[in-house]
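Okay, so here's the structure we're looking at.
Nothing in this text is a laboratory measurement; each read-out follows from the coordinates by a stated rule. Model, not experiment: these values are computed from the prediction. Quick reminder, even Gly has a Cβ in these numbers, built from the backbone with ideal geometry, and neighbours come from all protein chains shown.
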Amino acid sequence: MMRTVYAATLITVGWLGVCAPAQAAGEPAKTAQAMGGQILTDQKGMTLYTFDKDAGGKSTCNGPCAANWPPLAAAADAKPMGKYTVITRDDGVKQWAYSGKPLYTWAKDAKPGDTTGDGVNNVWHVAKP
């Protein structure tokens, strides 16, 4: 009897471990509190940014720009949800956008909560809900 209960518990815990990440994966970004108010972050807590040169739901940050400002990638089958939409980059990769603005992280942010990309070249800004 004890083995059956133990085995059932392991199976249940294992099943929850498999299902939980799939549910969390549906959220493209989170909201976090920062010095200047609420900001958008990726699932790891890294700050998300928008680029003033992007327009009309299209990313203009490609090549070396995308190496410094990695796009917030979306799964190939990702669907829009609320203010989040999915755009297709020039290289065919899907990217999340918020209110039509493509979202990026900044390669020089070292840890969650860093906002060192805000104001870079006066065209990069912390994404806010």
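Quick look at the values:
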quantity	calculated
Distance between modelled label sites at K58 and T116, nm, 7 Å Cα→Cβ extension	3.3 nm
Relative packing of 41-49, 73-81, which averages over residues the other C-beta atoms within 10 Å, highest first	41-49, 73-81
Computed Kirkwood radius, in angstrom, where 1/r is averaged over Cα pairs of region 17-129	14.2 Å
